[in-house]
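Each remark here refers to the structure printed beneath this line.
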Amino acid sequence: MKVVILAGGFGSRISEESHLRPKPMIEIGGAPILWHIMKGYSHFGFNEFVICAGYKQHMIKEYFDDFYLHASDVSYDFTAGEKKVTVHNTNVEPWKVTVADTGLETMTAGRINRVHKYLDDEPFLLTYGDGVSDLDPNDLIAFHKKAGGVVTLTAVHARQRFGVLDIDRNGQVGDFREKRDRDESYINGGFMCCEPEVFDYFGQNGANPDGEDFSGVTLEALAADDNLTAYRYDGFWRCMDTQRDREQLEHLWESEKAPWKVW
């Protein structure tokens, strides 16, 4: 089963980094978060990726173009007046990667629609290029097959950013604490499983799917038809939405306590 990764947005909420590179190329522990996502899927047996690129898409292509050399020791010999390259001790990943330029302004549904030709009309996995998890996609697929919907999303608890005040009717603060993850309802954490019928939901009523948001239009239409199911997951999940998020993920990685590092 192929894995589609949405990696084309501007990443405006983390503009400190994204003005220089695509958000999925922002590094955690010296490697793009895109690499971390792919390593997780690969650990569980999924090694074919279709990356929906857009903003600064050339940087993603150049990363994979040099990927083999980056994972190897290399000798350069210029003594004969030309460049002779010898690659040693390569430790490259067993991946097949398609990087598709899905447009600069294209919305998420349009990006997925544009890579339809690479998916062989088969079920596929889908996620965003800014979230990491220790989820086993095989568990998601098993749930998806049993549930029988067109799309199954992974429902996670969002990490809270603000403290909680417990206030009585007289305005007295009884408790002040950091919000816990369980204080909020489930949200869509990505890590989805899709049937090829999802493409029937793009561009309905003659609309151009390039202008459609997958979460705001496609998933709502699927839910209205009882074709959207949710796999509740209480394990680790984090989204790198802001610079603070990136710093927290970096801290987990440096402390060797990164729960998403399942490999």
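All of the numbers you see were taken from the coordinates with simple rules; none came from a lab. Note that the structure is predicted; figures quoted are calculated from it, not measured. All Cβ positions, glycine included, derive from the backbone under ideal geometry; neighbour counts span all protein chains shown.
Below is a table of values for the structure above.
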| item | result |
| --- | --- |
| Helix-only mean residue ellipticity at 222 nm for the chain, each DSSP H run of n ≥ 4 adding -39500 (n - 2.57), per residue, nearest 500 | -6500 deg cm²/dmol |
| Residue 263/residue 232 FRET efficiency (R0 35 Å; Cβ-Cβ; nearest 0.05) | 0.90 |
| Alpha-carbon centroid distance for the pair the stretch 56-70 / the stretch 190-223, whole angstrom | 29 Å |
| Beta bridges by DSSP in the stretch 28-129, antiparallel share as percent, to the nearest 5 | 50 percent |
| Exceeding the 24 Å Cα-Cα cut-off - candidates 2/146; 56/84; 23/61 | 56/84 |
| Within the chain, percent of DSSP bridges classed antiparallel, to nearest 5 | 50 percent |
| Net length gained if the chain between residue 120 and residue 68 were fully extended (0.36 nm per residue, minus Cα distance) | 16.1 nm |
| From phi via Karplus (6.51, -1.76, 1.60), per-residue ³J(HN,Hα) for the stretch 248-263 in Hz, x at Gly/Pro | 5, 5, 4, 4, 4, 5, 5, 7, 6, 10, 7, x, 6, 7, 8, 7 |
| Calculated P(r) tail over 23 Å for the chain, as whole % of Cα pairs | 57 percent |
| Förster radius 22 Å - calculated FRET efficiency between residue 251 and residue 134 (Cβ-Cβ, nearest 0.05) | 0.80 |
| Cβ-based exposure ranking for 255, 72, in which fewest neighbours within 10 Å come first | 255, 72 |
